[in-house]
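For reference, the structure discussed in these notes is given below.
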């Protein structure tokens, strides 16, 4: 639409099913490139991706026509299929149901990029569960513990 100008940024987090440490160092860069392709093919902009063996963080710039739930569904479905086709893990690889998405202001982008770049450092101090609950609290999101960490 002419004369429509937006800057919409989302910090997205999702985990391996059961938060298992399945993303191995020797293929995580390939996974990140594959996810980058999914985002680009959906006409959105990946600003940074990184994670740990049990979860992934993304900072994405989106257009106003982007349905975030559909985009994350496509990322998870296609990347899990790709991981299984490549046989990177024994058994079936799956992402956990759901995801976290947190809006980011223009002034907050650098902090989020630094945070995502330094995942290994952050997780020397906090577990994924502690990190995720801290995000929910910081964004004042109501949650029930029994639902955010199920194995579904």
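Taking the residues in region 79-100 that are in contact with a strand residue (DSSP E or B) (Cβ under 7 Å, 6 or more places away or on another chain) and modelled with pLDDT under 95 as candidates, determine which candidate is farthest from residue 23 (Cα to Cα).
Among those that are in contact with a strand residue (DSSP E or B) (Cβ under 7 Å, 6 or more places away or on another chain) and modelled with pLDDT under 95, it is 100.
Return yes or no: is residue 3 in contact with a helix residue (DSSP H, G or I) (Cβ under 7 Å, 6 or more places away or on another chain) and either farther than 17 Å from residue 128 by Cα or surrounded by fewer than 16 Cβ atoms within 10 Å (Cβ to Cβ) (or both)?
Details: in contact with a helix residue (DSSP H, G or I) (Cβ under 7 Å, 6 or more places away or on another chain): no; either farther than 17 Å from residue 128 by Cα or surrounded by fewer than 16 Cβ atoms within 10 Å (Cβ to Cβ) (or both): yes.
So residue 3 fails the test.
Would you confirm whether any residue within region 136-151 is under 25 Å from residue 6 (Cβ atoms) and within 15 Å of the chain's Cα centre (by Cα)?
Here is the first cut: in region 136-151, the ones under 25 Å from residue 6 (Cβ atoms) are 138-141.
Checking which are within 15 Å of the chain's Cα centre (by Cα) leaves us with none.
Among the residues of region 136-151, not one is under 25 Å from residue 6 (Cβ atoms) and within 15 Å of the chain's Cα centre (by Cα), which makes the answer no.
Residue check: is residue 83 in a helix (DSSP H, G or I), touching a residue at least 40 places away in the same chain (Cβ under 8 Å) and buried (at least 17 other Cβ atoms within 10 Å of the Cβ)?
Judged against the criteria, residue 83 is a match.
Residues in region 123-145: is at least one modelled with pLDDT of 90 or more and in contact with a strand residue (DSSP E or B) (Cβ under 9 Å, 6 or more places away or on another chain)?
no
Any idea how many residues of region 1-29 are in a helix (DSSP H, G or I), more than 15 Å from the chain's Cα centre (by Cα) and free of Cβ contacts under 8 Å to residues at least 40 places away in the same chain?
Of the residues in region 1-29, 2 are in a helix (DSSP H, G or I), more than 15 Å from the chain's Cα centre (by Cα) and free of Cβ contacts under 8 Å to residues at least 40 places away in the same chain.
Could you tell me which residue of region 31-45 is surrounded by the most Cβ atoms within 10 Å (Cβ to Cβ), considering only residues that are touching a helix residue (DSSP H, G or I) at 6+ places or on another chain (Cβ under 8 Å) and outside any strand (DSSP E or B)?
Filtering region 31-45 for residues touching a helix residue (DSSP H, G or I) at 6+ places or on another chain (Cβ under 8 Å) gives 31, 34-35, 38-39, 42, 44-45.
Those left that are additionally outside any strand (DSSP E or B): 31, 34-35, 38-39, 42, 44.
Values: 31: 19, 34: 16, 35: 19, 38: 18, 39: 21, 42: 16, 44: 19.
In this case the residue turns out to be 39.
Name the one entry in 112, 56 that is surrounded by 14 or more Cβ atoms within 10 Å (Cβ to Cβ), at pLDDT 95 or above, touching a helix residue (DSSP H, G or I) at 6+ places or on another chain (Cβ under 9 Å) and closer than 23 Å to residue 33 by Cβ.
56 is the lone residue from the list that is surrounded by 14 or more Cβ atoms within 10 Å (Cβ to Cβ), at pLDDT 95 or above, touching a helix residue (DSSP H, G or I) at 6+ places or on another chain (Cβ under 9 Å) and closer than 23 Å to residue 33 by Cβ.
If only one of 93, 135, 102 is in a helix (DSSP H, G or I), in contact (Cβ under 8 Å) with a residue 24 or more places away in the chain and surrounded by 12 or more Cβ atoms within 10 Å (Cβ to Cβ), which one is it?
Of 93, 135, 102, the one residue that is in a helix (DSSP H, G or I), in contact (Cβ under 8 Å) with a residue 24 or more places away in the chain and surrounded by 12 or more Cβ atoms within 10 Å (Cβ to Cβ) is 135.
Name the one entry in 48, 116, 109 that is in contact (Cβ under 8 Å) with a residue 24 or more places away in the chain, in contact with a strand residue (DSSP E or B) (Cβ under 7 Å, 6 or more places away or on another chain) and assigned to a strand (DSSP E or B).
Matching residue, one of 48, 116, 109: 48.
The values are calculated or read from the model by the stated rules, or taken from the named source; none is laboratory data. In this text the structure is predicted, and so the values were computed from the model without any measurement. As a convention, Cβ positions derive from the backbone with ideal geometry for all residues, glycine included, and neighbour counts pool all protein chains shown.
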